[in-house]
Structures are given as structure tokens and as C-alpha cells.
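I have a structure I would like to understand better, so I am pasting it below and will then ask my questions one at a time.
Bear in mind these aren't lab numbers, they're just calculated from the coordinates by the rules spelled out. Here the structure is a predicted model, which means the values were calculated and not measured. Note: ideal-geometry Cβ built from the backbone for every residue, glycine included; neighbour counts use all protein chains shown.
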Amino acid sequence: MSKLLDLYNPDQFESIGKELITFLSDYLRKATADKIPVNNYKDPELALSSWKEFMKKDASLIDYFKKVIEDSIHLHNPNYMGHQVSAPAPLAAFGGLISDLLNNGMAVYEMGGASNPLEKMATDLICQAAGYDENSAGFMTSGGTLANLTALITARSVKTNVWDEGNSNQKLGIMVSEQAHYSVDRAARIMGLGSEGIIKLPVGDDYSVLAQKLTEKLEEAEANGIHVFAIVSSSCSTSTGSYDEIEAFKEFAQMNNIWLHVDGAHGGSAIFSKKYKHLLKGVEKADSFIVDCHKMMMTPTLCTAVLYKNRAHTLATFRQKAEYLFDESEQYDWHNSGKRTFECTKLMMSIKMMAIVRHSGAEVFEELVDTLYDNAAKFAQIIDDDPMFELALQPQANIICFRLITDSPDEVNSRIRQKILEEGKFYIVQTILNGHVYLRTSIMNPLTTEHHFHNLLKEIKRISYIQIQQTM
Ligand SMILES: Cc1ncc(COP(=O)(O)O)c(C=O)c1O
């Protein structure tokens, strides 16, 4: 058989697939029980040369996949407490396999006969949980960064004439927390707003925006000749998991004819929780809202919902104003998703999220949020009770920033984080708050419990003790 035809052989697909599923299942058993280190960190140059060596060897495809796994970080290990990416529900990964195999590009209906309806159902489900009414709609896109850019372009199309006239004769701006994710800053710069057009809002001790400063900041911007067309609420912020007050933002936005966008990439899924949805109070009044299903909804990357209170606005982003102001009685062609997204061809992302809904029901998202936020609160309490550590702030979400108390905390905590990375037993990150280094953990895996929190603190103490011995 020619090499080309061999690649398309279904029998081979089946035999390698069966072997791989057995291997992956065993891998999952080990990872979830902490029987393999969370990380196998290597210097980047070493990693590259080891892959070059491997590709020269005579090895099977299964060996290749095994090496991919070996050299990757293991999010299903409960000692993973680092960046905000979900430990995906393993069953949802089958959706990824199907998406990759069928390769239905989705941009037009006939290229996504299953994925377009499922995308509508997935986004309608999130709209409903947010409290939007039947006039709302959304779509999926490839990540929170692209989602923020998409929503801000929509805001500019609706609130200004830039889509038709360009922005050479006016200075435009957006208002956003100084703690916002960098993707908002990046989106503003891509849109040509420049540094001056990014009006940074100051935060208080809990790292949420001081809502009483909004008017003052707008007046300052206007005095500099900037026309502010949008304000962004971080719901929650990336570094500390702090939620801005959406209701105060909405009142301000309404008074000043400004678009309100809610960046719920991380914390937006709290809308599914009766216990925590108060953190997003007022989100149902936001003009646009994004949620990363690959962060807090157990969906494999990438899968981000971009939602609009007014579904007509889904067509405003890339169209001329006159075109999106279609008569509401005309057909609303949700099924041609490419009109609304940056992507033309895109993954069948919703089939992964809807696989979770099909298998467990949407209630499982509430269980996840409650588990992760409750566990984070327990971890914060454990830290608070230990005189060797201090919290940067009481967490509102599942992100906890803390540090070991020492004479030179920045240097010591930074070295601790590096050592943890290299040793691979745990995975945590670090952040800078008010100019100081803090260890930062995001509790993303529902299997991470108090036992792992105690072990992490023990490990930090052990590393710091060894470091003290070495400097003596
Ligand atoms: C608040 C917030 N917005 C946007 C993003 C970007 O999302 P993505 O990584 O999916 O592009 C992140 C990522 O951590 C985030 O925390």
C-alpha cells in the first residue's frame, strides 16, 4: 500500500486507536492519583534536542504519542495549581477527536450540520444562565483573547462610525481595570487606540476597580480629547481573581452612552452557581459577555463563548452598520456562524462542551464552580492559619495569592517558585502585586483537596529550609 493510502486505512486507525485509549486510560489513573509528577520540566534547548533525536529514531506512532505525554504538563494531577486552564473532563476529549477527524469547518451551515446547531444550543445555555432574554445570542471563538477583541470591535462598530469612516479624525478609548488581562490592552492596541486610548482604572485593596473613580477618569479622558466608547469589567481579574462591580459599571455606561463588556473568561462561569453568581450581579445588563469554557467548564481548549444582549449586534462586528440593522422579522441566520467570527474555518468546539451537558447535565458546571471556589476558600483559611505565610488578599474566586514571610520575600518566594517548577511535584506560578512577588495558585482541578494544600505548604517550607541551609 502506498504511504498516502496507508494514512487513510481505517483498520490501522482502529488498532492504534484502541492501544492509545488503553494507554491514555492508564495515564489518567496515574495522573489523577498523583502517581506521576505533575511536570517533567526541561530546559527549552534540551527539550528541542531530545525531540530532534527522537524524530531520527525508528519509533512507532504510539511511542511518539507516549513521548508527547511524557514531556507535557499533567493538568489531571491534583498538584496542578498553576495557570487557568481546566483539567478537562476526559469524556469531552472524545469530542475533540471527532472534531479533528470530521474537520467540519463550520463557517457556513452545510460545513457544520451538527456543530452549528450545537453551538447555538451551547451559547443559548450560557446566555440563559447569565440572565439574558430571548433577544440575546452568541457564538464560539478560539479563546478569550480573540473573544475580547471581537466584542470590543463590535462595541466600536455600534458606538462609532469607524467601520465606515476609519479612525483618522478622532481619538477613541476604552476604560478598563489596571488589573485586567493583557488581552484587553492588546485588543485596544490592535484596534489602533494606542496607549492614550487605554484608560486604566485604579483598584482598591481587593484589586477590584474603585467604581467611584469612573466619572473622574472619563472626564480626564474627555479633557484629553478622547471619545470613550467602551468600558470593560474584569469578572474576574487574572492575577487575583477579583470581580469588578458590574452594576456600577452598567449605571455609568448607560449614563454616558458607553458599551459595557464583561470579560468573564475565567470567572464568568460562576453564573451557573447559585452560591457564587452574586459575584456577577448585573451581567444580564451587559452589552457583551465572554466565558472561556476551557477554563471553568471542563472543556478542552479552545472554546470561548462570546455573548450579546442584543443578537443583532452579533452581526455588527464585521459588517457595515446598515447591514446588521436588519429587520428583526427577517430570518436570523444563526446557522452561518462564519459571518460573526474572526475564524472562517474553525474547530467544532461546542461538541466538546455539549458532550459534558449530554453526559452529566448542565448542573455539573454549578458543581464544578462550587467545588473549586469552596476549595480555594479552604486553602486560603489554611494559609491564614499558618504563621509562616501571608495571603495577598482574601480570594473571591479560585485564585489564591500568598507568600512565605521572610526577610527578603521577593527573592525567596521567586526562588521557591523556580525550585517547585524544576522539581515537578507541584505546579504553581507567581505574580507581582504592588511591586512584590507572590506565589499564585489557581485551583482548577476538582480533585485538588485540603490534603494537597497541606502538602504544598510543607513542600514550600522544605525548599525554603534547604535554601537557608545553603546560604549559611
Ligand atoms: C480575565 C481573562 N481574560 C482573558 C483571558 C485570555 O483568555 P485565553 O487564554 O483563552 O485567550 C484570560 C486568560 O487567563 C483571563 O484570565
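Express as a percent, rounded to the nearest 5, the fraction of DSSP beta bridges in the chain (both residues included) that run antiparallel.
Numbers: 24 of 44 bridges.
Antiparallel: roughly 55 percent of the beta bridges in the chain.
Please state, as a whole number in µm²/s, the translational diffusion coefficient that the Stokes-Einstein equation yields for region 411-472 at 37 °C and 0.692 mPa s, with Rh defined as the Kirkwood radius across alpha carbon pairs.
Numbers: Rh = 12.6 Å.
Once the numbers are plugged in, D ends up at 262 µm²/s.
Any idea how far apart Asn455 and Arg415 come out in nm if each label point goes 7 Å out from Cα toward Cβ?
Result for the modelled spin labels: 2.6 nm.
Then there's this: Provide the gained length on full extension for the span Glu53 to Leu102, in nm with one decimal, where the gain is 0.36 nm per separating residue minus the Cα-Cα distance. Walk me through the numbers on the way to the answer.
Numbers: separation 49, 0.36 × 49 = 17.64 nm, distance 3.26 nm.
Answer, rounded to one decimal: 14.4 nm.
Which listed residue (Ile399, Gly338, Tyr373) has the Cα farthest towards the positive end of the charge dipole for region 291-446, taking +1 on Lys and Arg C-beta and -1 on Asp and Glu C-beta about the Cα centre?
Of the options given, the answer is Gly338.
Placing +1 on the Cβ of each Lys and Arg and -1 on the Cβ of each Asp and Glu in region 105-360, which of Met348, Phe289, Leu214 has its Cα farthest towards the positive end of the resulting dipole?
Projecting each Cα onto the dipole axis, the largest value belongs to Met348.
If packing is taken as the average number of other Cβ atoms within 10 Å across a peptide's residues, how do 259-268, 109-118 rank, most packed first? Walk me through the numbers on the way to the answer.
Numbers: 259-268: 28.3, 109-118: 18.1.
Going by the mean number of other Cβ atoms within 10 Å, highest first, we get 259-268, 109-118.
Need one number: nm distance between label points at Thr22 and Met388, each 7 Å from Cα along Cα→Cβ, rounded to one decimal.
Here the modelled spin labels are 4.5 nm apart.
Another question, then. Can you give me the convex hull volume of the Cα atoms of the chain, divided per residue and expressed in Å³? Walk me through the numbers before you get to the answer.
Details: hull volume 83.8 nm³, N = 472.
It is 178 Å³ per residue.
OK, next. Test of understanding: what is the full-extension gain from Ile405 to Tyr64, defined as 0.36 nm times their sequence separation minus their Cα-Cα distance? Spell out each step's value before the answer.
On the way: separation 341, 0.36 × 341 = 122.76 nm, distance 4.43 nm.
Roughly 118.3 nm would be gained on extension.
Using 0.36 nm per residue, how much length does the chain from Asp333 to Glu222 gain when fully extended, once their Cα-Cα distance is taken away?
Details: separation 111, 0.36 × 111 = 39.96 nm, distance 3.89 nm.
Between Asp333 and Glu222, full extension yields an extra 36.1 nm.
Follow-up. Enumerate the lysines that Lys378 could reach by cross-link, defined here as Cα to Cα under 28 Å, with residues fewer than 8 away along the same chain left out.
Straight-line reach from Lys378, under 28 Å: Lys30, Lys35, Lys274, Lys275, Lys277, Lys281, Lys295, Lys419, Lys425, Lys458, Lys461.
When a/c reaches 1.5 or more, the comparison of a/b and b/c decides; with that in mind, is region 105-360 rounded, prolate or oblate per its Cα gyration tensor? The partial results should precede the final answer.
Values: a/c = 1.85, a/b = 1.27, b/c = 1.46.
Here region 105-360 falls in the oblate category.
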